[in-house]
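Asks: I'd like to ask some things about the structure below.
The values are calculated or read from the model by the stated rules, or taken from the named source; none is laboratory data. Fair warning: this is a prediction, and the values are worked out from it, not measured in the lab. Counting neighbours? That spans all protein chains shown, and the Cβs are built from the backbone with ideal geometry, glycine included. These area figures cover heavy atoms from the full protein model, side chains too; ligands, DNA and RNA do not enter into them. Shrake-Rupley method; radii C 1.70, N 1.55, O 1.52, S 1.80 Å.
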Amino acid sequence: MEFDRWFADHGDETLRLDYQIGKQDVVIDCGAYHGNWSRSIYDRYHCRILAFEPVKEYCTIAKQTLAHTGVLVFHSGIGPFNETCDISVNGCASSVIKHSESVEQINIVSIDDVIRDNSLSHIRLIKINIEGAEYDLLDHMLNSSIVSMIDDIQIQFHQFVDHAVERRENIRASLQQTHHLTYDYEFVWENWRINA
């Protein structure tokens, strides 16, 4: 039902792209896949974008999609800490949580290192679509106060994670301390904007 409402509202073409972003602003794409969302954001705003895609094949495609844009595409995932792990390769549903026959070893870089290595003091928008790993990442961002330096947090939560409903509600309750919802399609897409 929420997917039907999302598609009826043309969320992919409107809500996920409609932000006040300047050319000097920084956007982070966690789970770039083929790079299409980053490309749409770049084409609209010509801002600074850091895109992270851990699967080699998809990262190669993303680099082609984002060629000649200035978008930085990193062949790694983004998470709470640096690690090497296995990912189940399954198109846009590739996940370090789910298991499948097709597995690839990937590198995850900590969001703390991303912020430090790129000298970031403010992030205009972060998109998080990392197939179940969003819970650990967001918990870390909340515990370390990283969320306070981000204006908009666009999230796709996934239900196949253990205790997904409870974990999502806990994260949302914590986000309410610094941010407020601008749209909410349960387990589809939601966006949190920093309080004025």
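Asks: Among the residues of segment 58-74, are any touching a helix residue (DSSP H, G or I) at 6+ places or on another chain (Cβ under 8 Å), of a type in the set (A, V, I, L, M, F, W, C), touching a residue at least 40 places away in the same chain (Cβ under 8 Å) and surrounded by fewer than 16 Cβ atoms within 10 Å (Cβ to Cβ)?
Replies: no
Table: residues versus (1) surrounded by 18 or more Cβ atoms within 10 Å (Cβ to Cβ); (2) in contact with a strand residue (DSSP E or B) (Cβ under 6 Å, 6 or more places away or on another chain); (3) part of a helix (DSSP H, G or I); (4) among the aliphatic types (A, V, I, L, M).
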residue	(1), (2), (3), (4)
Gln154	yes, yes, no, no
Phe160	no, no, no, no
Arg167	no, no, yes, no
Asn170	no, no, yes, no
Ala173	no, no, yes, yes
Tyr183	yes, yes, no, no
Phe187	no, no, no, no
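Asks: For a quick check of your reading of the model, give me the residue pairs whose first member lies in segment 137-162 and is farther than 19 Å from Asp25 by Cβ and of a type in the set (A, V, I, L, M, F, W, C), whose second is open to solvent by less than 50 Å² (accessible area, probe 1.4 Å) and modelled with pLDDT under 95, with beta-carbon atoms closer than 6 Å and at least 6 apart or on different chains.
Replies: Within 6 Å, the pairs are Val161/Gly132.
Asks: Same structure, new question: Out of segment 47-72, which residues are part of a loop (DSSP other than H, G, I, E, B) and among the hydroxyl-bearing types (Ser, Thr, Tyr)?
Replies: So in segment 47-72, the residues part of a loop (DSSP other than H, G, I, E, B) come out as 47, 53-55, 66-71.
Residue satisfying the conditions is Thr69 alone.
Asks: Still on this structure, please answer the following. Under 9 Å by Cβ, and 6 or more places apart or on different chains, what pairs join a residue from segment 177-193 that is farther than 19 Å from Gly31 by Cα and without any contact (Cβ under 8 Å) to a residue 12 or more places away in the chain with one that is part of a loop (DSSP other than H, G, I, E, B) and of a type outside the set (Asp, Glu)?
Replies: From segment 177-193, the pairs are Gln177/Asn195.
Asks: On the given criteria, is His122 of a type outside the set (A, V, I, L, M, F, W, C), in contact (Cβ under 8 Å) with a residue 12 or more places away in the chain and within 24 Å of Asp12 (Cα to Cα)?
Replies: Numbers: of a type outside the set (A, V, I, L, M, F, W, C): yes; in contact (Cβ under 8 Å) with a residue 12 or more places away in the chain: yes; within 24 Å of Asp12 (Cα to Cα): no.
So His122 does not fit the description; no.
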